[in-house]
Structures are given as C-alpha cells and as structure tokens.
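Since every read-out is calculated from the coordinates, none of them should be taken as a lab result. Model, not experiment: these values are computed from the prediction. Note that each Cβ is placed from the backbone with ideal geometry, even for glycine, and that neighbours are counted across all protein chains shown.
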Amino acid sequence: MPCTLAPMPALLLAALVAGCSRYDGPRIPQNPLVTSLTVREVAAGLTNPLYLTAPPGDGRLFIVEQPGRIRVVDGGRLLPEPFLDLTAKVLSGGERGLLSVAFHPEYGTNGHFYVYYTDLNGDTTVERYAVSSDPNVADAGSAALVLSIPHRLAGNHNGGLLQFGPDHTLYVGTGDGGGAGDPQGNGQNLGSLLGKLLRIDVNHGPIIPYAIPASNPFVGRAGARGEVWALGLRNPWRFAFDTVEGRLYVADVGQNRLEEVSVAGISEAGVNYGWNVMEANACYASNDCDRTGLRLPVIQYSHDGGACSITGGYVYRGSAAGMAGVRGHYFYSDYCAGWLRSFRLASDGTVAEERSWPVPDLGNVLSFGQDSAGELYILSATGRVFQIVPADESSPRLSALGVLRLSALGPRLSTTAGSPGGRPPRRGVPH
C-alpha cells in the first residue's frame, strides 16, 4: 500500500505502489488475438467487495465485503442476508477490514471455512467458522481463533489472502507491517510472521489451532518461525496457485516505483522475493545491492499512465465457450489504472502472449475472484462484480457497454521511470 494514505471511508485504499522498469506493459503481439473479451455484471450494490470464491463443486459465489460481511450469490441472485456478519469485530477502513475467506477442501463434509481480517486492535486475525444447518448462513458462534499477528504500528500493508494449497495446507499472505520501506525490517526477518507467505496445517481438530508442517523450510532453524514458507514480501494482496503447471503466482505491491508478479513452483520452499533489498528488479535503498538468492519478477510495470497498485488475479483454467484462447493466461489489473492485462508463462518459464484487454470501464479494481468451475471475476470499488467472458460483437447489450475487439496493436509502451513523487492520491483500499 502507499506509505501515506488519504482516508476515504467509502473506498478501500490501493495497498500497493511501483516505479522504473524496462518492461512497462504488454508488448505488441505478433499476430492479432482471435479471442476478444468483455465483462458481464453478476452482482451490484455491494460495499467494497474485496474477494470472491466458492467451496469445491459449489455453484454459488461467496463475496467478501470490507466492513465484515460475506454475501452469497445463488442462482444469479444476491441474497439479502449475509452468510456471515463480523462487522462488530472487524476494524474496517483504509487497508483494514475483512479481507478474504477460504473454504476447506472438504467443506462439503466438515463445513469449515476460514476468514482473514483485522481485529479491533488492528492485528491480523485468522479464524475458523462452520456453516449452520442452513447452507446460506454460517454459525456465527462457531468462531475458533487460528492465528493472531500483532500489527498495530501502522494501518497499512496488512496482506489479506488465505488460500488452501493443493496439499490441503493453508497459505496466509502477510504484509510487512506498514510504513515506508519496511522500517521494522520484517520482510527479511525470519523471526517475524510479517512480510511472509505462511504455510500451516489446520487439519488437527479443535484442540490444536494449527500445526507446522515438517516440510516447511525453516523448521528447526534458530531464530526462525517454522510457519514461514517464503519471505521478502511487502504486501502480497493476492497470490494464486496454478495446479495444472505447478506454479504459484505472487502479485506484490511496490513502494513508490514498481509493481510486480513473481512465480515459483508450488512445492518450492524458502523463496526470497527480495523486499526490502529489491523493489521488483531494482535495488530499493541504494543503487547497488546483492541480488544473490532473490527471486526476481517475471512481469513488472511502473506508475506511468496513472497506475499505482497491482491487483493480482488468477490463471484462467475454466472451460466456458469462447475462452479457450486464454486458457493458461494469468490475469491482473491495477487499482488506479483499472486496465485488464494477461500473460502466459511458457514451459521454460519465459513470458509469452502478453495482452491488454480493452474491456468496459471497471472503476477501481479491488480484487479478482474464481468460482468452483475456474471462471474468473473482477471486483470493483463501484460495488459491482463482473465475470470475464468472451465478447460477442453481435450482442446489442455488450455493444452498448462499449465492447472493443483487441487489435494487433497494444497500448503505447514506455521505458521511462514513473516519478516517485508524482503518484496519484491514494484511496482507502487494501493493497
């Protein structure tokens, strides 16, 4: 997130920021892309929708609202009553609030799900809940604390995502604790849970909140927390697993110059993403730094053109008609710029098929979501949720939304650095 926030209660603040890069947006494709995309509204009237997900095999959509509610879309209708209302215990505003939810892989059997929020003291909190006898209502009294991380020195850089990995362990992305440049030095400190990707085992019943997997890379190391799976993160607002290719994508918000997406193998333990030695591929605090052992991004972009804070998404693995051309593409956006971009990683790990999609105006992009079928969604600060769908130029409804077909020419490219002092005013969104 930005270091200085201008509070705007109605909006979340973009929790990520960036600078100079040799790559600054999708390059001109060699051939026109046959697939064209647009968005279709699936819900509206929400309050800062920050996340969307669904239990395995469940056709409903579960949408997290920043103030502390989880809403349900069932059969195309937004249900009036929330699935869970935690507003009385959530500190909401700026980059704080209810930030994500993760359903247990065996939710259909055990009814368990996990929430990530900032409590009334500002601390990062993970709790487990259970569904009630009504599948559209959770049991609010079933709360069980899993993890609490002190986070009171600054209100920004709260991370915000929970996801179960393919091994059924729970991954938790935490911010560095806030303030400009990681003043507490948490990103590179293995003794801190901040600025990390954590991996914990929550499959041990009610007595033990979680166990530390023996395969975690720093188990048994003096002065290190065993929960740490990866380090060197500033504010990993969103990360995503691609089980088809066995990769983990991490979109980390930059300080003043560069936004980035980095990739590791799903089973690759102990990756150091570089913060605060590096900001993306640039040395952060000096003109020269030791990059040995640091994971550099596969994609980065500066703040040129009004960009300010990366909003990471997912690799598309759905099967909707007309979407085959983007299967395997990782989609992402920027909170301030509101564009939609994607790329595909080749088998050798190089970036291919970089695309910029001229979709209708999305507003400030807060997050992406993925349903149980692998289809992707965009969540906007306007309170609307959109599904990414193939465009049909013959459709009057889509044409009225201003659908454009991607041509062989992408956006203008810039290789100049964005001015660290010239970034746009920050809003109250968790990046």
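In table form, for the structure just shown:
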| read-out | value |
| --- | --- |
| Around Thr53: net Lys/Arg minus Asp/Glu count, Cβ-Cβ under 14 Å | -1 |
| Inter-probe distance in nm under a simple model that places probes 7 Å from Cα toward Cβ, at Thr292 and Thr350 | 2.9 |
| Gyration tensor verdict on region 143-276 (Cα atoms; rounded if a/c is under 1.5, prolate if a/b is larger than b/c, oblate otherwise) | oblate |
| Options Pro183, Asn203, Val351, ranked by Cα towards positive dipole end of region 37-422, top entry (Cβ charges) | Val351 |
| Ordering of 189-201, 277-289, 69-81 by burial proxy (mean other Cβ atoms within 10 Å per residue, highest first) | 189-201, 277-289, 69-81 |
| Pairwise FRET efficiency - Ala144 versus Asn203, Cβ, R0 = 22 Å, nearest 0.05 | 0.95 |
| Relative pair counts by distance (%), Cα atoms of region 37-422, 10 Å bins | 5, 24, 35, 25, 9, 1, 0 |
| Most to least packed among 219-229, 151-161 [average Cβ atoms within 10 Å] | 151-161, 219-229 |
| Footprinting exposure proxy for Leu376, Leu91, Leu46 (fewest neighbouring C-beta atoms within 10 Å first) | Leu91, Leu46, Leu376 |
| Backbone HN-Hα couplings from phi across region 67-74 [Karplus 6.51/-1.76/1.60, Hz, Gly and Pro as x] | x, x, 10, 10, 9, 10, 9, 10 |
| Net charge of neighbours whose Cβ lies under 10 Å from the Cβ of Leu198, counting Lys and Arg as +1 and Asp and Glu as -1 | +2 |
| For region 136-147, 3J(HN,Hα) per residue [Karplus equation, 6.51 cos²θ - 1.76 cosθ + 1.60, θ = phi - 60°, Hz, x = Gly/Pro] | 9, 9, 7, 8, 5, x, 8, 4, 9, 5, 9, 8 |
